[in-house]
Amino acid sequence: MAATSSSPTPESPQPRASFVERTKGPSGLEKIVLREARGFSAEVHLYGGQVTSWKNDHGDELLFVSSKAIFKPPKAIRGGIPICFPQFGTHGNLEKHGFARNRLWAIDDNPPPFPISTAVKSFADLILKPSEEDLKIWPHSFEFRLRVALGPGGDLVLTSRIRNTNNDGRPFSFTFAYHTYFSVSDISEVRIEGLETLDYLDNLKGKERSTEQGDAIVFESEVDKIYLDAPKKLQSLIMRRNEHLS
Ligand SMILES: O=P(O)(O)OC[C@H]1O[C@@H](O)[C@H](O)[C@@H](O)[C@@H]1O
């Protein structure tokens, strides 16, 4: 874990150990707990490189993890922030959402220099490299470095750095997502602004393409849509307890 073993540099200050704890979660899977002085916390499992908890300073859980989630390889953990890589959804020949979410990531003890605010003391660096078996199903060598950082104000920042390590320099393409499950106290109060004029593929209608017609997106029944050319930032994502996510 960078947090306990790397040398401090101007780009990468040495966090105090109390901000970062390595422990075990359900079924004995290893996880890293990040804490901040004001009471914010987050947890990231090595399995999947998956954030499975993010709590505010009142101890409220901001992410949803299903009570039926299976914390046992080779099943992906249903909830938190699964990482879809090297394929998002079924947009390719690999298993749905790729294989990164059901691989055991390692702690990256020596991540390359990273621009980071000196105020951020609580972070973990993970790395995923393909196994021989992975290379048979996706013949591209890579290093996927993930930093999960919890800021002093409770903000959670995930940074992914993906490097092509193919010996011959052959390029590859991939699709990727942080497939975040937010915890919502009342779905009827959720409102998303910034997608209302976009085209989308409707997974409930065999990926039929349509254009969003309404105002803000609200949820009255099951919704499973992939928005095309979505903006990098939504205008707002309004939830009851989680309003600070807007
Ligand atoms: O069920 P999975 O494999 O964890 O995927 C979660 C969801 O991923 C979304 O991308 C799909 O559109 C949904 O249909 C799916 O339910």
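The values are calculated or read from the model by the stated rules, or taken from the named source; none is laboratory data. Just so it is clear, the structure is predicted and the values come from calculations on it, not from any experiment. Here the Cβ positions follow ideal geometry from the backbone for every residue, glycine too, while neighbour counts run over all protein chains shown.
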Candidates 159, 180 - the one that is out of contact with any Lys or Arg (no Cβ under 9 Å at 6 or more places or on another chain) and of a type in the set (Ser, Thr, Tyr) = 180
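Can you tell which of 80, 59, 89 is surrounded by fewer than 15 Cβ atoms within 10 Å (Cβ to Cβ), touching a strand residue (DSSP E or B) at 6+ places or on another chain (Cβ under 9 Å), on the phi > 0 side of the Ramachandran plot and not basic (Lys, Arg)?
Unique residue meeting the criteria: 59.
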query = Within the range 52-86, how many residues are in contact with a Leu (Cβ under 9 Å, 6 or more places away or on another chain), under 27 Å from residue 172 (Cα atoms) and part of a strand (DSSP E or B)?
reply = 2
key: Scope the range 94-119; condition within 16 Å of the ligand (Cβ to nearest atom) and loosely packed, with under 15 Cβ neighbours inside 10 Å; matching residues   = 95, 96
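For the range 158-172, what are the residues that are over 16 Å from residue 99 (Cβ atoms) and within 23 Å of the chain's Cα centre (by Cα)? Break it down into steps so the answer makes sense when it comes.
Of all residues in the range 158-172, those over 16 Å from residue 99 (Cβ atoms) come to 158-159, 161, 163-171.
Those that are over 16 Å from residue 99 (Cβ atoms) and within 23 Å of the chain's Cα centre (by Cα): 158, 159, 161, 163, 164, 165.
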query = What is the residue count in the range 180-203 for residues that are exposed (fewer than 14 other Cβ atoms within 10 Å of the Cβ) and without any contact (Cβ under 8 Å) to a residue 24 or more places away in the chain?
reply = 1
task = Considering each of 89, 49 in turn, give the residue that is in the same structural domain as residue 135 (by TED's automatic domain parsing), of a type outside the set (D, E, K, R), within 16 Å of the ligand (Cβ to nearest atom) and touching a Leu at 6+ places or on another chain (Cβ under 7 Å).
result = 49
query = Restricting the search to the range 102-115, which residues are in contact (Cβ under 8 Å) with a residue 60 or more places away in the chain and not in a loop (DSSP other than H, G, I, E, B)?
reply = 106, 107
note = If you go through 71, 85, 64, the only one that is modelled with pLDDT under 95 and closer than 23 Å to residue 150 by Cβ is 71
key: Residue under evaluation residue 171, criteria (1) at pLDDT 95 or above; (2) within 16 Å of the ligand (Cβ to nearest atom), criterion not met   = (2)
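Go through the range 57-114 residue by residue and tally those that are of a type in the set (Asp, Glu) and touching a Ser or Thr at 6+ places or on another chain (Cβ under 6 Å).
Summing the residues that are of a type in the set (Asp, Glu) and touching a Ser or Thr at 6+ places or on another chain (Cβ under 6 Å) in the range 57-114 gives 2.
Could you identify the single residue in 206, 214 that is outside the structural domain of residue 58 (by TED's automatic domain parsing), within 16 Å of the ligand (Cβ to nearest atom) and surrounded by fewer than 13 Cβ atoms within 10 Å (Cβ to Cβ)?
On the way: 214 fails: within 16 Å of the ligand (Cβ to nearest atom).
Going through 206, 214 in turn, the sole match is 206.
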request  = Evaluate the range 128-146: report whether one residue or more is at pLDDT 95 or above, at negative phi, surrounded by 13 or more Cβ atoms within 10 Å (Cβ to Cβ) and within 16 Å of the ligand (Cβ to nearest atom).
outcome  = no
ask   = Do you know which residues across the range 72-86 are away from the ligand (no atom under 14 Å from the Cβ) and not charged (D, E, K, R)?
value = 73, 86
